[in-house]
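Report on the structure given below.
The values are calculated or read from the model by the stated rules, or taken from the named source; none is laboratory data. What you see is a predicted model; the values in this text were computed from it and never measured. Heads up, the Cβs are rebuilt from the backbone with ideal geometry, glycines too, and the neighbour counts pull from every protein chain shown.
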Amino acid sequence: MQNGYTYLDHAATTPMRADAVAAMLPFLTEQFANPSGSHRFARQVRKSIDEARDDVADVLGCRPGEVIFTSGGTEADNTAIFGTLDRRGGVALCPAVEHHAVLHAVEARHGLVVGVDATGRVDHDALASALVTSTDPVSIVSVMAVNNEVGTITDLAGVAAIVRRNAPNASIHTDAVQAANWLDLRTITPHVDLLSLSAHKFGGPKGVGILMARAGSAFAPLLVGGGQERDRRSGTHNVAGIVAMTVALRATDHERSAENERIGRLRDCLVDGLQDGLDDVTETVDRAHKVAGSAHVCIGGIENEALLYLLDEAEVCASAASACASGAMEPSHVLAAMGVPNERARGALRLTLGRTSTEADVARATTVIIDAVRRLRTGRAA
Amino acid sequence: MKVLMALSGGVDSSVAAAELIDAGHDVVGVTMRLWGGESDTGCCSVADVDDARRVAQQLGIDHLVFNFTDDFNAHVVDPYVRAHSQGLTPNPCIECNRHLKFERLSERADLLGFDAVATGHHARVDVVGDRFFVHRGADAAKDQSYVVHMLPQRELRRTVFPVGHLTKAQVRQRAIALGLRTATKPDSQDVCFITQTGGREAFLGARIPFRRGTVVGSDGAVLGDVPAIEMVTVGQRRGIGLPGGGPKRYVTAIDRTTATIVVGDEADLYVSELTVEQLVWADQPYTGDVMVQCSAHGAAMPAGLDGNTVHWQQPQRCVAPGQSVVFYDASNSYVLGGGIAA
């Protein structure tokens, strides 16, 4: 991070861990061989991938053979949805607040999209009813572990019980891209057949991720070719990325409970500070239902597009909803699904903390945001 | 000064940004996302935003994207559709300038601490006496003062048109010299929210019910019919369902209540007066000799202006209701005001 900047956009991406960067270097230099080769240099590299797979399996609480390395979260999500539909037929189902990597995949195949409650959690009754009334059998249900915008944690055990009861043949997938920093993944994997992760959200590099697929969860590969990853994901391994991701995942797993406490306190301080300094700031989801690193507020009387400009000018990196291809801010589909009125959603601000966040970041961001909001509310530049 | 430069992704605004930087201003580029629907005209597309961003990078300035799609629908698209259903021929680009490029953008710019808003229009803002007026651009063939005629003093005071003193050829030369990817990009032509494949008919047809219209001669004799009276404009010659070969006939009047389209000779189109509504003035309302322009690239003709009535010196073809009518000073160099043809 450049000096002076206050980075509060860790849910978009978080800085790489130094040990993860260091772990990549040998594979960008001497250990350049293709791990699928048949000579000793290849076998050496292959060993690093196999070790990485064991490590990932340990953190996930699954078997090494259930770990598939992908190019990231989107590929993992797409493989789960498209691959299951292609192999097993039927339709896919997801809640309306999913990340677009799931939502657009489900919509592209004319799947079912069910509603959520005011905290963003899938409506259990709507889920059960959609499963039993669907004319086409539901072959995959995809429910995110943690929402990327508002930070809500899904009760996956509850979701799984409903799916198993009402659609026993359906696979359960979870996009756990936003969960790795905050939730013990071993508590999630027992409830699902498929799970997606993305390295750059937990201190690894961009362009690499994981699809965990339980033995027996039938899906067609998205990419075919050289037959890597036991024919489930062809393409030469991103060796440096896979090794670095694994280093980052191990470290994240190790530090998780301490970081949850530390960052949770920072987050509370940030949101309390904003609410103390400004009128009409509402917390979108109460803290009991969300992960420690997520602060999401709706600020009355301002447009977040203007606020983000002033924050950017003051070197505070934050975000609102997801951006579309043009870079324009799109109205949030998550807030709309949660029933947040348009005029509140216009003032939505997402501040997400992570490993590098400090008390000084929170203090500075609080001051800058309060100043910027006051300036926008008085309607004229200071 | 701190200037918010509207970058459309075209060559004019690209070079305008470069001119502002050269003049020593602190420039931030912004592309407005206006139309959220289907488009194939290239305008307002993601590719244009890419071009704008790349130009900003090459020039070393920040680039923002503002999403104004809701305002664009409310102030441009919805009124456009409504106007057609009322039998008018609106000019959506002018409404976009009025409400988005100036009103909405300059309010935002003000809020964010900018001193001025700039666009790539071929026009100039100059002082006459102690007041600001939009003057014609240096390139007569590309002059766009007509489409920015509605700016009042408070907007003119904080508006900059950095390429108004250049010809289009000079703009392109400058873009080539700077190595900008927009240097040879063609000018945008069409209404950005209407697809080339579907056209106006498909766009309107999906939004309003079309009514069949009867085509009659000036004597009232029925000559034919058209499937959609909403698609017909006064002055139109083609596409009114009349057999070819005869004398040229033009739409001279449209009566919506009876769904009747009256056609006549070209001579029937000529009128000596024009009524203009919704008048706006750069400064004070004006009465007296003016030059009047009724389309983006039409010639301005001399007239006397009295209240909201234009008295042509020579009879002129009638103007389709809904079109913008712009008044220039008698020397035809700057905008006094304008309005909408009744």
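Among the residues that make up the stretch A:119-141, is at least one of them outside any loop (DSSP other than H, G, I, E, B), farther than 24 Å from A:H237 by Cα and in contact (Cβ under 8 Å) with a residue 60 or more places away in the chain?
yes
Please verify whether B:D126 is under 21 Å from the mean Cα position of the chain (by Cα) and acidic (D, E), treating the condition exactly as stated.
yes
Could you identify the single residue in A:A157, A:A161 that is outside any loop (DSSP other than H, G, I, E, B), in contact with a His (Cβ under 8 Å, 6 or more places away or on another chain) and among the aliphatic types (A, V, I, L, M)?
A:A157 is the lone residue from the list that is outside any loop (DSSP other than H, G, I, E, B), in contact with a His (Cβ under 8 Å, 6 or more places away or on another chain) and among the aliphatic types (A, V, I, L, M).
Examine the stretch A:35-44 for a residue that is modelled with pLDDT of 95 or more and buried (at least 22 other Cβ atoms within 10 Å of the Cβ), and state whether such a residue exists.
Checked against the condition, which is being modelled with pLDDT of 95 or more and buried (at least 22 other Cβ atoms within 10 Å of the Cβ), the stretch A:35-44 yields no hits at all.
Looking at B:A118, B:A109, which is the one that is farther than 13 Å from B:N332 by Cα, within 14 Å of another protein chain (Cβ to nearest Cβ) and either small (G, A, S) or touching a His at 6+ places or on another chain (Cβ under 9 Å) (or both)?
Going through B:A118, B:A109 in turn, the sole match is B:A109.
Return only the number of the condition from (1) surrounded by fewer than 24 Cβ atoms within 10 Å (Cβ to Cβ); (2) assigned to a helix (DSSP H, G or I); (3) touching a helix residue (DSSP H, G or I) at 6+ places or on another chain (Cβ under 7 Å) that A:I81 does not satisfy.
Condition not satisfied by A:I81: (1).
What pairs can you find where one residue is in the stretch A:72-93 and within 13 Å of A:M144 (Cα to Cα) and assigned by TED's automatic domain parsing to the domain that holds A:V116, the other is aromatic (F, W, Y) and surrounded by 24 or more Cβ atoms within 10 Å (Cβ to Cβ), and their Cβ atoms are less than 8 Å apart, with a gap of 6+ or different chains?
That search, which allows pairs on different chains as well, returns A:A80/A:F219.
Somewhere in the stretch A:327-340, is a residue within 14 Å of chain B (Cβ to nearest Cβ) and under 15 Å from A:V281 (Cα atoms)?
No, the stretch A:327-340 has no match at all.
Which residue is surrounded by the most Cβ atoms within 10 Å (Cβ to Cβ), if the candidates are limited to the stretch B:287-316 and must be touching a Leu at 6+ places or on another chain (Cβ under 8 Å) and either of a type in the set (S, T, N, Q) or modelled with pLDDT under 95 (or both)?
Checking each candidate, the answer is B:Q316.
Only residues that are away from chain A (no Cβ under 14 Å) and either aliphatic (A, V, I, L, M) or in contact with a Leu (Cβ under 9 Å, 6 or more places away or on another chain) (or both): list them for the stretch B:60-79, please.
Of everything in the stretch B:60-79, those that are away from chain A (no Cβ under 14 Å) and either aliphatic (A, V, I, L, M) or in contact with a Leu (Cβ under 9 Å, 6 or more places away or on another chain) (or both) turn out to be B:H75, B:V76, B:V77.
Quickly run through the stretch A:46-77 and pick out the residues that are assigned to a helix (DSSP H, G or I) and surrounded by fewer than 20 Cβ atoms within 10 Å (Cβ to Cβ).
Passing the criteria: A:R46, A:K47, A:D50, A:E51, A:D54, A:D55, A:A57, A:D58, A:P64, A:G65.
Restricting to the stretch A:349-375, name every residue that is touching a Leu at 6+ places or on another chain (Cβ under 6 Å) and either within 14 Å of another protein chain (Cβ to nearest Cβ) or of a type in the set (G, A, S) (or both).
Answer for the stretch A:349-375, where residues must be touching a Leu at 6+ places or on another chain (Cβ under 6 Å) and either within 14 Å of another protein chain (Cβ to nearest Cβ) or of a type in the set (G, A, S) (or both): A:S357, A:A365, A:A372, A:V373.
Mind checking whether some residue in the stretch A:64-74 is farther than 30 Å from A:R164 by Cβ, among the polar types (S, T, N, Q) and out of contact with any strand residue (DSSP E or B) (no Cβ under 7 Å at 6 or more places or on another chain)?
no
Within the stretch A:127-147, track down each residue that is crowded, with 16+ Cβ neighbours inside 10 Å and out of contact with any helix residue (DSSP H, G or I) (no Cβ under 8 Å at 6 or more places or on another chain).
Residues satisfying the conditions are A:A130, A:S134, A:V146.
Please indicate, with yes or no, whether at least one residue in the stretch B:21-30 is modelled with pLDDT of 95 or more and facing chain A (nearest Cβ under 10 Å).
Within the stretch B:21-30, one or more residues are modelled with pLDDT of 95 or more and facing chain A (nearest Cβ under 10 Å).
Considering the stretch B:71-112 alone, what residues qualify as being basic (K, R) and either surrounded by fewer than 20 Cβ atoms within 10 Å (Cβ to Cβ) or over 21 Å from B:Q323 (Cβ atoms) (or both)?
Matches in the stretch B:71-112: B:R82, B:R104, B:R108.
Give the residue that is farthest from the other protein chains (Cβ to nearest Cβ), with candidates limited to residues of the stretch B:48-59 that are closer than 12 Å to B:T31 by Cβ and of a type in the set (A, V, I, L, M, F, W, C).
B:V55
Take the conditions of a type in the set (A, V, I, L, M, F, W, C), touching a residue at least 24 places away in the same chain (Cβ under 8 Å) and in contact with a His (Cβ under 7 Å, 6 or more places away or on another chain) and apply them to B:V134. Does it pass?
Criteria met by B:V134.
Can you find, within the stretch B:181-219, the residue that is farthest from B:S45 (Cα to Cα) among those that are of a type in the set (V, I, T) and in a loop (DSSP other than H, G, I, E, B)?
Out of the qualifying residues, it is B:I208.
Considering only the stretch B:139-180, state which residues are touching a strand residue (DSSP E or B) at 6+ places or on another chain (Cβ under 7 Å), hydrophobic (A, V, I, L, M, F, W, C) and not in a helix (DSSP H, G or I).
Of everything in the stretch B:139-180, those that are touching a strand residue (DSSP E or B) at 6+ places or on another chain (Cβ under 7 Å), hydrophobic (A, V, I, L, M, F, W, C) and not in a helix (DSSP H, G or I) turn out to be B:M150, B:L151, B:V160, B:F161.
Within the stretch B:299-320, how many residues are assigned to a loop (DSSP other than H, G, I, E, B) and farther than 19 Å from B:E277 by Cβ?
So the answer is 2.
It is to be established whether one or more residues within the stretch B:249-265 are modelled with pLDDT of 95 or more and under 23 Å from B:S218 (Cβ atoms).
No, because not a single residue in the stretch B:249-265 is modelled with pLDDT of 95 or more and under 23 Å from B:S218 (Cβ atoms).
What number goes with the only condition from (1) closer than 21 Å to A:R364 by Cα; (2) in contact (Cβ under 8 Å) with a residue 12 or more places away in the chain; (3) out of contact with any Phe, Trp or Tyr (no Cβ under 6 Å at 6 or more places or on another chain); (4) of a type outside the set (G, A, S) that A:D286 does not pass?
With (1) closer than 21 Å to A:R364 by Cα; (2) in contact (Cβ under 8 Å) with a residue 12 or more places away in the chain; (3) out of contact with any Phe, Trp or Tyr (no Cβ under 6 Å at 6 or more places or on another chain); (4) of a type outside the set (G, A, S) applied to A:D286, the lone miss is (1).
Give the stretch B:77-136 a look and list any residue that's of a type in the set (D, E, K, R) and in a strand (DSSP E or B), or say none.
Those that are of a type in the set (D, E, K, R) and in a strand (DSSP E or B): B:R124, B:D126, B:R131, B:R136.
Which is surrounded by fewer than 15 Cβ atoms within 10 Å (Cβ to Cβ) and under 16 Å from B:S333 (Cα atoms), of B:V127, B:V147?
B:V127
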